[in-house]
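Where a number appears in this text, it was derived from the coordinates with a stated rule and is not lab data. No experiment lies behind these values; they were computed from the predicted model shown.
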Amino acid sequence: MLVNLLPCKFTLLDKEGKEVISLSRSENPPRVVDIGRREGGVYNFGGVEVEVSRLSFQEVKGIPEESLERSYIVTREVAQALPDRCDLYFPDKALEDKEGNIIGFRALARL
């Protein structure tokens, strides 16, 4: 069973752009709530100095326990914070309309 834990509707499209799965948004999506920041330094990009921080994700709130019966669609940030979970997937291969709005995805990805 596929469960949408995104804060928005999830639509999976086939190769022709036809909707094959449509899941309503989650009312209480999981969130990464604790991001540990470590100093990364200042880097020079074409003569412009930019401060770059290194991030490490530490805690996710509102995520169900790992499941063998369910697969969860989450944000990439949540999946990155929990790389050892085998039940987490995130949207991949976005399909856009002529105005550049995402209308669906052609795939799911996992870490």
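Mean-square fluctuations from a GNM of the chain, with a 10 angstrom spring cutoff on Cα atoms, peak among Asn28, Asn44, Asn101 at Asn44.
With each run of n ≥ 4 DSSP H residues scored as -39500 (n - 2.57), what mean residue ellipticity at 222 nm is computed for the chain after dividing by its residue count and rounding to the nearest 500 deg cm²/dmol? Mind showing how you got there, number by number?
Numbers: 1 runs with 6 residues, N = 111.
Result for the chain, helices only: -1000 deg cm²/dmol.
Which percent of the Cα-Cα distances in the chain go past 24 Å? The answer is 39 percent, as a whole percent. The mean sequence distance of close C-alpha pairs (under 8 Å, at least 6 residues apart), as a share of the length of the chain, puts its relative contact order at 25 percent.
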